[in-house]
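Below: the structure, in C-alpha cells.
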Amino acid sequence: MSQASTVIDTAPHELDILTQAEYQERQADQLMREVFGSEARAGATGDLITRFITSYEQHKNDMPLEQWLVKALNHFPDLWQDRSEAEVTARSIITSVERNNAAMVSLHEHLEKGKSRASWIAKRIEESAKEAGITDVAAYAAEIHEGLRQADQHTAESLADNNEAVKTFLQFAGNERVAATWNDVSRIDYAQLLDKDARRNATLNAAKQGARILGERSWNWITGRKNPSVSEDMQRFFESSLHSAKHVGVQVAVSGGMVVAVKKGLVEGVLKNTPIAPLVDMVTMGMSKAKVLYKFAKGELTAADALEAVAGNVIATVASNVATVIATKGAREPLKTH
C-alpha cells in the first residue's frame with residue numbers, strides 16, 4: 001500500500017472510530033465555531049431553514065416553486081435592492097439545485113451501464129468547460145484539482161484529532177500531478193486524479209463530522225431543539241434513493257434559508273464569502289452527504305459504500321459546475337450581507 005493512498009484505504013476503520021459520541025461532541029463544537037461563530041447564530045440559521053421548509057410544505061400544492069421562493073425571499077425586504085434581485089436569486093437557487101440533481105442522475109446512469117466514473121468525469125469536464133467558453137480544458141481540470149486539494153487541506157488541518165491518516169494526507173496530497181495538456185491519454189489521467197481527490201474529500205468530511213453529525217444529529221443541533229418536529233418532506237428526502245432527484249422543493253427550501261442566513265451575516269468562514277450558485281452547490285452536497293450518512297447510521301450502507309457515495313456526490317457536483325471551481329479560487333463577487 002502506498003503512503004499516498006492511506007487516507008482512502010483506511011477510510012472504513014476511520015469512519016467507525018470517528019462516529020463515536022465523544023468525538024462527535026468535539027466536532028459539533030468545532031463546526032459551530034467555524035461556520036457560525038456562536039450558538040446564537042447557529043440557532044438563528046436553524047430557525048431560518050425551518051421557516052423556509054415549513055413555508056414550502058404549506059404552499060407546495062397551491063403555488064409554483066419559483067413563485068413560492070420569490071415570496072419567501074421577499075419576507076426579508078431589507079436584504080434585496082429591489083424585487084428583481086429576489087427573483088434572480090430564486091431562479092439561481094432553483095437552477096443550481098436542478099443542475100446538481102441532474103449531474104447525480106447522469107453519473108448513476110453512466111455507472112449502471114458498467115462504465116467507469118473516470119470516463120464520466122472526463123466527459124463532464126469537457127462539457128462543463130465548453131458551456132463556460134473555456135478552451136484550456138487541462139487548466140480547468142487543474143483548477144478543480146487544486147480547489148479540492150485546498151478544501152481538503154483546510155479540513156485536514158482543522159481536525160481536532162490529527163490522526164495518522166490525516167498526517168499522511170498533509171504530507172502527500174499536494175504531490176500528485178498530471179500532464180499540462182488535454183488529450184485522449186491525459187484526460188483519463190486527470191479524471192482518475194479527480195476521482196481520487198473526491199474519495200479523499202469524502203474520507204476527510206466523514207472524519208470531520210461523523211455519520212450522525214451530518215445526519216439527524218446535525219439537524220437537531222442546528223435548530224437548537226432536543227425533539228424537533230420532523231418535516232415530512234425532509235424525512236422523505238432522507239429515506240429516498242441516493243440518486244433520487246424527486247425532492248427539489250425541500251433542497252430549494254434549505255438553500256433559500258442558507259442564502260438568507262449568509263446575507264444576514266449569520267455565517268462565518270468560507271460560506272460568508274461564497275456567491276449564490278456555489279453556495280447552493282455546497283448546500284446540496286451537504287444534504288446529499290447527510291442522506292448517505294443517515295443511511296449508514298441506520299445500517300443500510302457499509303462504511304465503504306457510504307464513502308463511495310459521498311465521493312460520487314462531490315465529483316458529480318464539482319465536475320459539472322464551473323461556478324464552484326471559480327468560487328474556490330475567489331474569483332467571483334461574494335454575496336453582500338446586510
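The values are calculated or read from the model by the stated rules, or taken from the named source; none is laboratory data. None of these values were measured; they are calculated from a predicted model. Backbone-built Cβ (ideal geometry, glycine too); neighbour counts: all protein chains shown.
For residue 133, the conditions (1) in contact (Cβ under 8 Å) with a residue 60 or more places away in the chain; (2) among the small types (Gly, Ala, Ser); (3) over 17 Å from residue 254 (Cβ atoms) all hold with the exception of (1). Just so you know, in region 40-83 the residues that are aliphatic (A, V, I, L, M) and free of Cβ contacts under 8 Å to residues at least 12 places away in the same chain include one that is farthest from residue 261 (Cα to Cα), and it is 63. Helices (runs of 4 or more DSSP H) fully within region 1-80 that include at least 1 residues being within 30 Å of residue 197 (Cα to Cα) and modelled with pLDDT under 75: 6-9, 11-18, 21-35.
Annotation note: Cβ proximity below 7 Å between a residue of region 94-107 that is assigned to a helix (DSSP H, G or I) and a residue that is aromatic (Phe, Trp, Tyr) (sequence gap 6+ or interchain) occurs for 107/120. Name every residue in region 190-204 that is modelled with pLDDT under 85 and among the hydroxyl-bearing types (Ser, Thr, Tyr), in order of residue number. Residue satisfying the conditions is 203 alone. Annotation note: of 256, 286, 249, the sole residue that is assigned to a helix (DSSP H, G or I) and surrounded by 23 or more Cβ atoms within 10 Å (Cβ to Cβ) is 256.
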